[in-house]
Amino acid sequence: MQLQEQRYYSPEEYLEFEVNSEEKHEYIDGQIILMPGGTPNHNKLAGNLYAAILYAIKRLHYEVYSSDQRIWIPQKRILTYPDVSVVKTPLEYQEGRRDTLINPVFIAEVLSKSTKSYDRDEKFAAYRTIPSFQEYILIDQYKIHVEQYYKTDNNKWIFSEYEDANLLLNLSSIPCQVLLGDIYDKVDFSVEE
């Protein structure tokens, strides 16, 4: 991710800037950071997971969103766009906004070389400050490898990983199962992105 300018912005200044911008930016505690564009493999992975979840939660009290949905993390002062997020209805919004949600139960990020450390560490730590947040999925775009973290009743996080296209990923925060092969459908690992 690329730093836009080294000056402090308020969340309100960021939102005014972002609404009028043709590019997407994250807001991290006063800094506006340009988000890199997604690769075809990145978009396929996020799209495949989105489609599987959308089908699984049809007619249930959940909404699934792609990377165009902004999430506010108030304790860390972060406004971000997860690759896939699920929110239990009713939707809860950032105060004074109707375009920024605050109550995701599930978030998935597709890892890239430039963001994988941030997504695993600082971003996951920030997401964990959201009271409704229960599950985090990290999807490698360079090989079949999915990491799953889910919160138990006593606020412990359980970690599992999957590396076989024939394995079933059972989501714990929402009623959804998806075959890893379906997440990786049409992903071309021979393309260097």
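Derivation of every value follows stated rules applied to the coordinates shown; laboratory data play no part. Just so it is clear, the structure is predicted and the values come from calculations on it, not from any experiment. Virtual Cβ from ideal backbone geometry, glycine too; neighbours counted across all protein chains shown.
Quick one: what are the phi-derived ³J(HN,Hα) couplings along the range 132-144, Karplus 6.51/-1.76/1.60 with θ = phi - 60°, whole Hz, x for glycine and proline?
Rounded to whole hertz, the list is 7, 5, 10, 8, 9, 10, 10, 10, 6, 9, 9, 6, 6.
GLU92's amide H: which non-local residues (gap 5+, or another chain) put their own amide H closer than 5 Å, with H modeled 1.01 Å from N in plane and none for Pro or chain starts?
Excluding prolines and chain starts, which carry no amide H, the hits are ILE102, ASN103.
Students often forget the sequence filter, so: which aspartates and glutamates lie under 14 Å Cα-Cα from LYS76 once same-chain residues fewer than 8 apart are removed?
By straight Cα distance, LYS76 reaches GLU26, ASP29, ASP121, GLU122.
In the structure shown, do any of LYS88/LYS151; LYS44/LYS116; LYS44/LYS113; LYS58/LYS123; LYS116/LYS156; LYS116/LYS143 have a Cα-Cα gap over 19 Å, and if so which?
Violating the 19 Å Cα-Cα cut-off are LYS58/LYS123; LYS116/LYS156.
Determine the dipole magnitude for the chain: charges of +1 sit on the beta-carbon of Lys and Arg, -1 on that of Asp and Glu, nothing else is charged, the reference point is the Cα centre, and the result goes in debye to the nearest 20.
In debye, rounded to 20, the chain gives about 520.
For semi-axes √(5λ) of the Cα gyration tensor in Å, pick the label among (1) 38, 22, 14; (2) 26, 20, 15; (3) 33, 19, 17 that corresponds to the value derived from the coordinates.
(2)
Given R₀ = 41 Å, what would the calculated FRET efficiency be for ILE158 paired with LYS113, taking r from the Cβ atoms and rounding to 0.05?
According to the calculation, E is roughly 0.95.
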